[in-house]
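Report on the structure given below.
Laboratory data are not the source of any read-out in this text; all were calculated from the coordinates shown. If you're wondering where the values come from, they're calculated on a predicted model, not measured in any experiment. Positions of Cβ are generated from backbone atoms using ideal geometry, with glycine treated the same way; all protein chains shown enter the neighbour counts.
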């Protein structure tokens, strides 16, 4: 019997699990940067509110949407059978953190 399909699926699951483990291994090291960008975004938001400057709802939507697209592309990239650049996985949380910080800086709560 030919079990070529089963072996290919098992190999793809192994590659996906390895990539997920690599990403999880990097997350504690990158958490400080992500927290710093969120704190910076929060401080920028407070400064904008105190100076009565406009918050940009369009920029908030742009940064938030870009972050969501990058997270979704990462999930897809974890299971694609292609070679990924070595710094791609640790770069994703950095970019998403920077986008989240900018989105927080442009966020305006109504009411």
Degrees, to the nearest 10: 88-106 long Cα axis against longest axis of the chain: 20 degrees
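What 222 nm value per residue comes from the helices of the chain, counting each DSSP H run with n ≥ 4 as -39,500 (n - 2.57) and dividing by all residues, nearest 500 deg cm²/dmol?
Calculated mean residue ellipticity at 222 nm is -29000 deg cm²/dmol.
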Principal-axis tilt of helix 4-50 within the chain, Cα atoms, nearest 10 degrees: 10 degrees
Whole-angstrom Cα spans of region 4-106 along principal axes, big to small: 64, 27, 17
Among 88-94, 75-81, the order from most to least packed when residues are scored by Cβ within 10 Å on average: 88-94, 75-81
Region 5-64-region 66-105 distance, computed between alpha-carbon centres (Å): 7 Å
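Taking 0.36 nm per residue of separation and subtracting the Cα-Cα distance, what length does fully extending residue 73 through residue 35 add?
11.5 nm
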Extension reserve of the residue 12-residue 82 stretch, reckoned as 0.36 nm per residue once the Cα distance is removed: 24.2 nm
Choice from 74, 37, 18 with maximal GNM fluctuation in the chain (Cα, 10 Å cutoff): 18
Virtual spin-label span in nm between residue 62 and residue 47, 7 Å along Cα→Cβ: 1.9 nm
Nearest-ten-degree value, helix 57-79 long axis tilted from longest Cα axis of the chain: 10 degrees
Gyration tensor (alpha-carbon) shape descriptor, region 12-55, a/c threshold 1.5: prolate
